[in-house]
Amino acid sequence: LRSYLRDESSRLRRLRRFYEKVQALHQDPKASVDNPLLAFSLIKRLHSDWPNVVYSDEATRNTQALHAGLREVEQELPGAEDLEGAARALMRLQDVYVLSVKGLASGVFQRAGHPPLYSPGRRISLSADDCFHVGKVAYDTGDYYHSIAWLEEAVSLFRLSYGSWNLEDRSSLEDALDHLAFSYFMAGNISHALSLSREFLRYDPSNKRVSRNVAKYKKLLEMGTGASGTGRGAVVPHHRCALLMPSLVLPLPPQAASEQLLHLSCSYETNSSPYLLLQPAKKELVRIQPYVALYHDFITDAEAETIKGLAGPWLQRSVVASGEKQQKAEYRISKSAWLKDTADPVVRALDRRIAAVTGLDLRPPYAEYLQVVNYGLGGHYEPHFDHATSRKSPLYRMKSGNRIATIMIYLSAVEAGGSTAFIYANFSVPVVKNAALFWWNLRRNGNGDGDTLHAGCPVLAGDKWVANKWIHEHGQEFRRPCSADPQD
């Protein structure tokens, strides 16, 4: 685009010079004819110079160069799925962090009565067209709760600039009013659908479809259907992610809280491993039930960058276990790649470190390869267990039992959001760069620990990278033996 603007600007400057030259020569039309030199130059210009200007191929060549540049990168550009995913990410952030659409559109990430969750260095606002496209994604799937909120903002912004034309706008006030009216109708608010449709007809009075809608809405109101004519009532958000809101995490009763705090500690751990004698692990015990520990400075910045660099070319949309298969799902939005310990000495060293800190056997097939995950715009993972809850799960294909433990390493910092929330246990752990979060998925009796239900909260700002290592039951019989109490 920069090259196109430069070339077109040069072409237009030459045109302007030609115009100014002609204008200067012919300020007195009679003189042009009287002076034989001027007469000759006029005839020459009209015969050859002017057609050369009109039929110049330069403008076409510049446009073709712009098109060729687009074709070179077209395969790498975002597609319709990416645009829809980005719109859904904004709606997810709106729900989970209870952000107002008006605030988001003006670049503010704030809940009413709370300090901002995130204050960007440069405040960016959304245009009316931007808001329309977010609302349209919701509208196309029948999600009228979100379509109403975003289309209302689009209508409000389009009204402010009505009559002005923007090159990048693909929608208009009429489009926004049309979609918003039908959204209100589907939500049961017929009177508002009627007033919006009437406003639409002020701009496009010949539209027969909207005229028929107006007649239909009037008839429904005359019949006494009122503001809830469809019987649908209010449309409410349906995201299960709303469970993750920090404000919904309930405090422990005073006695339980004090008992938990008495046993929580920070310590240097060697775990009887020679590997940790010179540099013990910095362990913070986050929770006793479920047992969750955070190991600070578990990896270095250089190691984190190496792992991200190794995984980058192999990143694919993350999948989840579904019965006996694995598939993509809306409740897990991320990209992931798997790294063998042979991929790089850093990965091999990381495996040794995990084995030393946990005291578990990571030799194949007792542990899975290192999974590197990238959560981008609004990336999240709704509540789930890491261990299999069915014997038909693909996890059992390794023939090494269920996932006994998880260690999750934070490879990057996140400006806002992205916490790991343990739903039933009622606490969350924020992203701590270069730290590793460890927990047991199974109780000592081999049953799954229900308190490990956890989720990755949506990334509000930044780019979240984690590396997961899942360790299986087999091979750990003497490292984490069963308890004498079958209930343990």
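Look through the stretch 343-363, keep the residues that are over 32 Å from the mean Cα position of the chain (by Cα) and not in a helix (DSSP H, G or I), and return whichever of them is surrounded by the fewest Cβ atoms within 10 Å (Cβ to Cβ).
Among residues in the stretch 343-363 that are over 32 Å from the mean Cα position of the chain (by Cα) and not in a helix (DSSP H, G or I), the one surrounded by the fewest Cβ atoms within 10 Å (Cβ to Cβ) is ARG363.
Have a look at LEU264, LEU310 and point out the one that is more than 28 Å from THR342 (Cβ to Cβ) and open to solvent by 40 Å² or more (accessible area, probe 1.4 Å).
That would be LEU264, the only listed residue that is more than 28 Å from THR342 (Cβ to Cβ) and open to solvent by 40 Å² or more (accessible area, probe 1.4 Å).
Go through the residues of the stretch 81-100 one by one and say whether even a single one is among the hydrophobic types (A, V, I, L, M, F, W, C), within 26 Å of ARG16 (Cβ to Cβ) and surrounded by fewer than 18 Cβ atoms within 10 Å (Cβ to Cβ).
Restricting attention to the stretch 81-100, the residues satisfying the condition of being among the hydrophobic types (A, V, I, L, M, F, W, C) are 83, 86-87, 89-91, 93, 96, 98-99.
When the remaining residues are screened for being within 26 Å of ARG16 (Cβ to Cβ), the result is none.
Taking every residue of the stretch 81-100 in turn, none turns out to be among the hydrophobic types (A, V, I, L, M, F, W, C), within 26 Å of ARG16 (Cβ to Cβ) and surrounded by fewer than 18 Cβ atoms within 10 Å (Cβ to Cβ).
How many of the residues in the stretch 1-52 are free of Cβ contacts under 8 Å to residues at least 24 places away in the same chain, of a type in the set (A, V, I, L, M) and within 23 Å of LEU66 (Cα to Cα)?
Within the stretch 1-52, the first condition is being free of Cβ contacts under 8 Å to residues at least 24 places away in the same chain, and the residues that meet it are 2, 5-6, 9-10, 12-14, 16-17, 19-48, 50-52.
Next cut, of a type in the set (A, V, I, L, M) only: 5, 12, 22, 24-25, 31, 33, 37-39, 42-43, 46.
If we keep only those that are within 23 Å of LEU66 (Cα to Cα) as well, we get 5, 12.
Counting residues in the stretch 1-52 that are free of Cβ contacts under 8 Å to residues at least 24 places away in the same chain, of a type in the set (A, V, I, L, M) and within 23 Å of LEU66 (Cα to Cα) gives 2.
Can you find a residue that is within 20 Å of LYS102 (Cβ to Cβ) and in contact with a Gly (Cβ under 9 Å, 6 or more places away or on another chain) anywhere in the stretch 203-217? It would help to see each step written out before you state the result.
Start the filter on the stretch 203-217 by keeping residues that are within 20 Å of LYS102 (Cβ to Cβ), which leaves none.
Taking every residue of the stretch 203-217 in turn, none turns out to be within 20 Å of LYS102 (Cβ to Cβ) and in contact with a Gly (Cβ under 9 Å, 6 or more places away or on another chain).
For the stretch 153-171, which residues satisfy the criterion of being within 25 Å of ARG92 (Cα to Cα) and open to solvent by less than 60 Å² (accessible area, probe 1.4 Å)? Outline the logic, then answer.
In the first step, residues of the stretch 153-171 are kept if they are within 25 Å of ARG92 (Cα to Cα); the result is 153-158, 169-171.
Scanning the stretch 153-171 gives GLU153, ALA154, VAL155, SER156, LEU157, PHE158, ASP169, SER171.
Does the stretch 101-112 hold any residues that are of a type in the set (A, V, I, L, M), within 17 Å of ALA128 (Cα to Cα) and open to solvent by 10 Å² or more (accessible area, probe 1.4 Å), and which are they? It would help to see each step written out before you state the result.
Residues of the stretch 101-112 of a type in the set (A, V, I, L, M): 101, 104-105, 108, 112.
Right, trim to within 17 Å of ALA128 (Cα to Cα) and you get 101, 104-105, 108.
VAL101, LEU104, VAL108, listed by residue number.
Any chance the stretch 421-431 includes a residue that's free of Cβ contacts under 8 Å to residues at least 40 places away in the same chain and among the hydrophobic types (A, V, I, L, M, F, W, C)?
Step one: filter the stretch 421-431 for residues free of Cβ contacts under 8 Å to residues at least 40 places away in the same chain, giving 424, 430-431.
So of that shortlist, the ones also among the hydrophobic types (A, V, I, L, M, F, W, C) come out as 431.
Yes, because at least one residue in the stretch 421-431 is free of Cβ contacts under 8 Å to residues at least 40 places away in the same chain and among the hydrophobic types (A, V, I, L, M, F, W, C).
Looking at the stretch 103-118, is at least one residue within 20 Å of LEU180 (Cβ to Cβ) and of a type in the set (A, V, I, L, M)? Reasoning before the result, please.
To start, the set of residues in the stretch 103-118 that are within 20 Å of LEU180 (Cβ to Cβ) comprises 103-106.
Remaining after also requiring of a type in the set (A, V, I, L, M): 104-105.
There is at least one residue in the stretch 103-118 that is within 20 Å of LEU180 (Cβ to Cβ) and of a type in the set (A, V, I, L, M).
Just a yes or no: is a residue in the stretch 33-47 surrounded by 16 or more Cβ atoms within 10 Å (Cβ to Cβ), aromatic (Phe, Trp, Tyr) and either touching a Gly at 6+ places or on another chain (Cβ under 8 Å) or outside the structural domain of TYR381 (by the TED database) (or both)?
no
List every residue pair whose Cβ atoms sit under 9 Å apart, with the two residues 6 or more apart in sequence or on different chains, where the first one lies in the stretch 383-400 and is of a type in the set (Lys, Arg) and the second, anywhere, is in a helix (DSSP H, G or I).
Correct list of pairs: empty, since none qualify.
Output yes when any residue across the stretch 188-196 is in contact (Cβ under 8 Å) with a residue 24 or more places away in the chain, surrounded by fewer than 18 Cβ atoms within 10 Å (Cβ to Cβ) and not acidic (Asp, Glu), and no when none is.
The answer is yes, given that some residue of the stretch 188-196 is in contact (Cβ under 8 Å) with a residue 24 or more places away in the chain, surrounded by fewer than 18 Cβ atoms within 10 Å (Cβ to Cβ) and not acidic (Asp, Glu).
Output the qualifying pairs, or none if there are none: Cβ atoms under 7 angstrom, residues six or more apart or on different chains, first residue in the stretch 107-121 and on the phi > 0 side of the Ramachandran plot, second residue among the aliphatic types (A, V, I, L, M) and in a loop (DSSP other than H, G, I, E, B).
GLY107/ILE124
Given the conditions (1) more than 20 Å from ALA80 (Cα to Cα); (2) crowded, with 17+ Cβ neighbours inside 10 Å, and given that LYS208 satisfies all but one, which numbered condition is not satisfied?
If we test LYS208 against (1) more than 20 Å from ALA80 (Cα to Cα); (2) crowded, with 17+ Cβ neighbours inside 10 Å, just (2) comes out false.
Return the pair list, or none, for Cβ contacts closer than 7 Å from residues in the stretch 361-375 that are free of Cβ contacts under 8 Å to residues at least 40 places away in the same chain to residues that are in a loop (DSSP other than H, G, I, E, B) and open to solvent by 20 Å² or more (accessible area, probe 1.4 Å), at least 6 apart or on different chains.
Hits for this filter: TYR369/LYS340.
The values are calculated or read from the model by the stated rules, or taken from the named source; none is laboratory data. Fair warning: this is a prediction, and the values are worked out from it, not measured in the lab. No Cβ is skipped: glycine too gets one built from the backbone with ideal geometry, and neighbour counts run over all protein chains shown. For the accessible areas, the whole protein counts, side chains as well, though only heavy atoms, and no ligand, DNA or RNA atoms are used. Shrake-Rupley method; radii C 1.70, N 1.55, O 1.52, S 1.80 Å.
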